[in-house]
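To start, the structure itself, in structure tokens.
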Amino acid sequence: DEGAVGRRGERERGDEVPAERGPGAAFHMFVLMEDLLDKLKLLSYEEEALRRHNMRPLSRHYFALPTNPGEQFFMFCMLAAWLISKAGRPFEQPQEYDDPNAVISNVLSELRSF
């Protein structure tokens with residue numbers, strides 16, 4: 001059994017130990033969200049994606065903090081559909097009450113075809 005832990009708790013051959021996380025690791029998600037928001041702004045997401053759905057712009061930490069999972073999921077799916085369409089593929093915008101599994105399956109299927 002490769003990667004099993006021996007009697008003394010030592011890792012055996014073939015198993016990598018994950019790198020230790022530093023004190024800034026807790027804030028990494030916030031940095032990623034700010035980068036995402038900057039990229040969305042460069043693509044004019046506020047004018048092209050949000051106005052169509054009459055939605056407010058995202059905050060700097062919208063996806064970094066779990067506040068309203070249903071709303072955040074819909075926003076994610078709406079942005080994913082918009083980005084797929086912006087990339088030149090026809091993709092139907094999801095509706096708020098669509099089956100989440102079906103929406104994610106459609107998004108992933110479209111991304112795999114890229």
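The values are calculated or read from the model by the stated rules, or taken from the named source; none is laboratory data. Nothing here was measured: the structure is a model prediction, and the numbers come from that model. As a convention, Cβ positions derive from the backbone with ideal geometry for all residues, glycine included, and neighbour counts pool all protein chains shown. These area figures cover heavy atoms from the full protein model, side chains too; ligands, DNA and RNA do not enter into them. Shrake-Rupley method; radii C 1.70, N 1.55, O 1.52, S 1.80 Å.
Computed quantities for the displayed model
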{"item": "Identity of the residue in segment 55-114, aromatic (Phe, Trp, Tyr) and in contact with a Lys or Arg (Cβ under 9 Å, 6 or more places away or on another chain), that ends up farthest from LEU37 (Cα to Cα)", "result": "PHE114"}
{"item": "Subset of segment 33-55 (residues that are open to solvent by 80 Å² or more (accessible area, probe 1.4 Å) and either touching a strand residue (DSSP E or B) at 6+ places or on another chain (Cβ under 6 Å) or farther than 17 Å from CYS77 by Cβ (or both))", "result": "ASP38, LYS39, LYS41, LEU42, GLU47, ARG51"}
{"item": "Unique residue being under 14 Å from the mean Cα position of the chain (by Cα) and not hydrophobic (A, V, I, L, M, F, W, C) when the list is PRO94, PRO66", "result": "PRO66"}
{"item": "Close pairs (7 angstrom Cβ cut-off, 6 or more residues apart or separate chains): surrounded by 10 or more Cβ atoms within 10 Å (Cβ to Cβ) in segment 91-114, β-branched (Val, Ile, Thr) anywhere", "result": "PHE91/ILE84; PRO94/VAL103; GLU110/ILE84"}
